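Chemist: Have a look at the structure that comes next, please.
FYI, it's all coordinate maths here, none of it is from the lab. What you are looking at is a predicted structure, and each value in this text was computed from that prediction instead of being measured. Backbone-built Cβ (ideal geometry, glycine too); neighbour counts: all protein chains shown.
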């Protein structure tokens with residue numbers, strides 16, 4: 001096992017890096033093999049914008065209550 005410096009890598013060791021690589025490869029392979037319908041990028045971005053806006057509204061309401 002090779003230990004990494006936090007300046008050089010986001011992983012603490014070569015084992016941690018190998019485990020992440022294996023997880024990522026399996027996740028990508030599963031996504032590519034999936035029979036689920038594809039979602040257009042524009043739809044995903046719209047949904048995420050709505051989620052973010054909802055969280056921002058909630059935070060503003062909480063901030064007003066604290067003031």
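Chemist: If you check 34, 5, 14, which single one turns out to be free of Cβ contacts under 8 Å to residues at least 40 places away in the same chain, surrounded by 10 or more Cβ atoms within 10 Å (Cβ to Cβ) and over 15 Å from the mean Cα position of the chain (by Cα)? Talk me through it step by step, then tell me what you get.
Modeler: Values: 34 fails: surrounded by 10 or more Cβ atoms within 10 Å (Cβ to Cβ); 5 fails: surrounded by 10 or more Cβ atoms within 10 Å (Cβ to Cβ).
Every option except 14 fails the conditions.
Chemist: Another question, then. Evaluate the following for residue 29: is it loosely packed, with under 10 Cβ neighbours inside 10 Å and at negative phi?
Modeler: Working: loosely packed, with under 10 Cβ neighbours inside 10 Å: no; at negative phi: yes.
Judged against the criteria, residue 29 is not a match.
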